[in-house]
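I have placed the structure first, in the form of structure tokens, so that the comments after it can refer back to it.
No lab work stands behind these numbers, since they all come straight from the coordinates. These numbers were taken from a predicted model, which means no experiment stands behind them. Heads up, the Cβs are rebuilt from the backbone with ideal geometry, glycines too, and the neighbour counts pull from every protein chain shown.
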Amino acid sequence: MDLRIGHGFDFHRLVPDRELWLGGVLIPYGMGLSGHSDADVLIHAVCDALLGAMTEGDIGRHFPDTDERYRNIDSRLLLQKVSELMAEKGWRIMNLDTTLILEAPRIAPYIESMRKSMASVLDIDPGRVSVKATTTEGLGPEGRGEGISAHAVVLLDKR
């Protein structure tokens, strides 16, 4: 058994006139995340966790913000490419655990949809995907509503 752990982190600023995508799910909210792609902070953290566990660098190396092909791209497509690399290298996900850090909006009603969305792209059972959320009790940029951050931890096994 060849096991690898990967950790990913991402943070994006909240801005007006953008849609809010988290975990591949459109969340109704008056603001969205700023970024070159759709700025799905949760999927970006997952991509980094997967790439890190495979020792394949980070999301910026694979999908640089200087490349116009990735402008406003659906982050699920980035996750799909990382999933394809994972399969090519012979890795499979044992479990994926994620945490969103934000004050608003409340995302509890969307957690199951996020789990299913990411599991579908990764071609794994949603029971292997955990999505949690927490606040910072008003502290820091997340607490002031300036942005949203996400952490992801993944356990991979070599097929």
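Scanning the range 88-98 for residues that are in contact with a strand residue (DSSP E or B) (Cβ under 6 Å, 6 or more places away or on another chain) and either in a loop (DSSP other than H, G, I, E, B) or not β-branched (Val, Ile, Thr) (or both) yields GLY90, TRP91, ARG92, MET94, ASN95, LEU96, ASP97. The number of residues in the range 6-33 being assigned to a loop (DSSP other than H, G, I, E, B) and either under 16 Å from LEU100 (Cα atoms) or among the aromatic types (Phe, Trp, Tyr) (or both) comes to 3. Answer yes or no as to whether GLU112 is surrounded by fewer than 21 Cβ atoms within 10 Å (Cβ to Cβ), over 15 Å from LYS132 (Cβ atoms) and among the charged types (D, E, K, R). The answer is no for GLU112.
For the range 121-149, the set of residues classified as closer than 26 Å to MET94 by Cα, exposed (fewer than 15 other Cβ atoms within 10 Å of the Cβ) and of a type in the set (Ser, Thr, Tyr) consists of THR134 only. Output the residues belonging to the range 96-117 that are polar (S, T, N, Q) and more than 18 Å from PHE9 (Cβ to Cβ). Answer for the range 96-117, where residues must be polar (S, T, N, Q) and more than 18 Å from PHE9 (Cβ to Cβ): SER113, SER117. Filtered by the rule that a residue be in a loop (DSSP other than H, G, I, E, B) and either free of Cβ contacts under 8 Å to residues at least 12 places away in the same chain or among the charged types (D, E, K, R) (or both), the range 56-87 gives GLU56, GLY57, ASP58, PRO64, ASP65, THR66, ASP67, ARG71, ASP74. Between residues in the range 143-155 that are assigned to a loop (DSSP other than H, G, I, E, B) and residues that are loosely packed, with under 14 Cβ neighbours inside 10 Å, which pairs lie under 7 Å by C-beta distance while being six or more apart or on different chains? Listed pairs, sorted by first residue: GLY145/ALA104.
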